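Novice: So that we are looking at the same thing, I have put the structure below in structure tokens.
Laboratory data are not the source of any read-out in this text; all were calculated from the coordinates shown. These numbers come from a predicted model, not from an experiment. For neighbour counting, all protein chains shown are included, and Cβ atoms are generated from backbone atoms with ideal geometry for every residue, glycine included.
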Amino acid sequence: MSIKADKWIRRMAEQQGMIEPFEPGQVRTNGQGKIVSYGVSSYGYDVRCADEFKIFTNINSTIVDPKAFDPKSFVDFQGECCVIPPNSFALARTVEYFRIPRNVLVICLGKSTYARCGIIVNVTPLEPEWEGHVTLEFSNTTTLPAKIYANEGVAQMLFLESDEVCETSYRDRGGKYQGQRGVTLPKT
């Protein structure tokens, strides 16, 4: 990027609707006190987790199979925080809706606040011309229950801009997760 990254992100969000809703600064407090920060950072954008969760459970003793995933393996939960059982995981989604430009690839990494507690955030890259809410996977690697807070920062998006557009974008391929809204389970 030839311009400062934070200015580029602001311009893309404001002119092309790349991130909605968009927070142009770094938010660190709310009405109740300190929160895990979100918004524009030096070279990326810190996304928030919405208050919709799918918490993995093995009450049905099923096998986790990405080609035949059983939606009954999750318990739906809505609230300001989600408790993930030990050695388990939960799915959530970003508050933000993304529209990725044709010459941009986005990589997501978890925030250090969660990583230092043994909570790993996993997100696949956001490909050129993909759009939707990002489905977030939170793995609790500890032997204790772990909390995730809704409407606070959970991961940082890093934007990689190419000098030219890609030959075939996610939209061109008719990607199966294009335009997803809400927490989206695996598709084949």
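Novice: Quick check: net charge around GLY182, other residues with Cβ under 9 Å of its Cβ, Lys/Arg +1 and Asp/Glu -1?
Specialist: On the way: positive: ARG93, ARG181; negative: GLU52.
Within the 9 Å Cβ shell, the charges total +1.
Novice: Net charge near PHE69: determine it from the other residues with C-beta under 12 Å of the C-beta of PHE69, scoring Lys and Arg +1 and Asp and Glu -1.
Specialist: Values: positive: LYS54, LYS67, LYS72, LYS187; negative: ASP65, ASP70.
Net charge around PHE69: +2.
Novice: Which entries in the list LYS54/LYS176; LYS34/LYS111; LYS111/LYS147; LYS34/LYS72; LYS34/LYS147; LYS34/LYS54 go over 24 Å, if you measure between the two C-alpha atoms of each? Before the final figure, lay out the partial values.
Specialist: Working: LYS54/LYS176 20 Å; LYS34/LYS111 16 Å; LYS111/LYS147 14 Å; LYS34/LYS72 36 Å; LYS34/LYS147 16 Å; LYS34/LYS54 26 Å.
Violating the 24 Å Cα-Cα cut-off are LYS34/LYS72; LYS34/LYS54.
Novice: Still on this structure: Where the centroid of each part is defined by its Cα atoms, how far is segment 108-142 from segment 1-57 in Å?
Specialist: Taking the Cα centre of each part, segment 108-142 and segment 1-57 sit 14 Å apart.
Novice: Take the Cβ-Cβ distance between GLN26 and CYS166 as r, set R0 to 35 Å, and report the resulting FRET efficiency rounded to the nearest 0.05.
Specialist: Numbers: r = 30 Å, r/R0 = 0.87.
According to the calculation, E is roughly 0.70.
Novice: If we count other beta carbons within 10 Å of each Cβ, what is the order of GLU14, GLU129, fewest first?
Specialist: GLU14, GLU129
Novice: Considering every pair of different Cα atoms, what Kirkwood radius, in Å, is found for the chain? If you can, show how the numbers build up before the last one.
Specialist: Values: mean 1/r = 0.0578 Å⁻¹.
Here the Kirkwood hydrodynamic radius works out to 17.3 Å.
Novice: Specify the residue with the greatest mean-square fluctuation among LEU126, LEU136, LEU160, computed from a Gaussian network of the chain linking alpha-carbon atoms under 10 Å apart.
Specialist: LEU160
Novice: For segment 4-66, what percent of Cα pairs sit more than 14 Å apart?
Specialist: Working: 1308 of 1953 pairs.
In whole percent, the share of Cα-Cα pairs in segment 4-66 beyond 14 Å is 67.
Novice: Still on this structure: Over 10 Å intervals from 0, what percent of Cα-Cα pairs in segment 49-127 sits in each interval?
Specialist: Taking all Cα pairs of segment 49-127, the binned fractions are 15, 40, 35, 10, 0 percent.
Novice: As an exercise, take the mean of 1/r over every pair of distinct alpha carbons in segment 97-169, invert it, and state the Kirkwood radius in angstroms.
Specialist: Numbers: mean 1/r = 0.0735 Å⁻¹.
After inverting the pairwise mean of 1/r, the radius is 13.6 Å.
Novice: Let me ask something additional. Given springs between every Cα pair under 10 Å in a Gaussian network model of the chain, which of GLY174, GLY44, GLY110 has the largest fluctuation?
Specialist: GLY174
Novice: Among TRP8, TRP130, rank each residue by its count of other Cβ atoms within 10 Å, from fewest to most, as a rough exposure measure.
Specialist: Details: TRP8 16, TRP130 24.
Neighbour counts put them in this order, fewest first: TRP8, TRP130.
Novice: Dipole of segment 1-87 (Lys/Arg Cβ +1, Asp/Glu Cβ -1, origin at the Cα centre): which of VAL40, SER73, ASN58 lies farthest to the positive side?
Specialist: The one lying farthest along the dipole's positive direction is VAL40.
Novice: Relative to the compact-globule scaling 2.2 N^0.38 Å, provide the ratio for the alpha-carbon radius of gyration of segment 86-133. Mind dumping the intermediate values first?
Specialist: On the way: Rg = 12.9 Å, N = 48, 2.2 N^0.38 = 9.6 Å.
Taking the Cα Rg and dividing by 2.2 N^0.38 Å, one obtains 1.35.
Novice: Another one. If the elastic network links every pair of Cα atoms under 10 Å, which of PHE22, PHE69, PHE159 fluctuates the most in the Gaussian network model of the chain?
Specialist: PHE69
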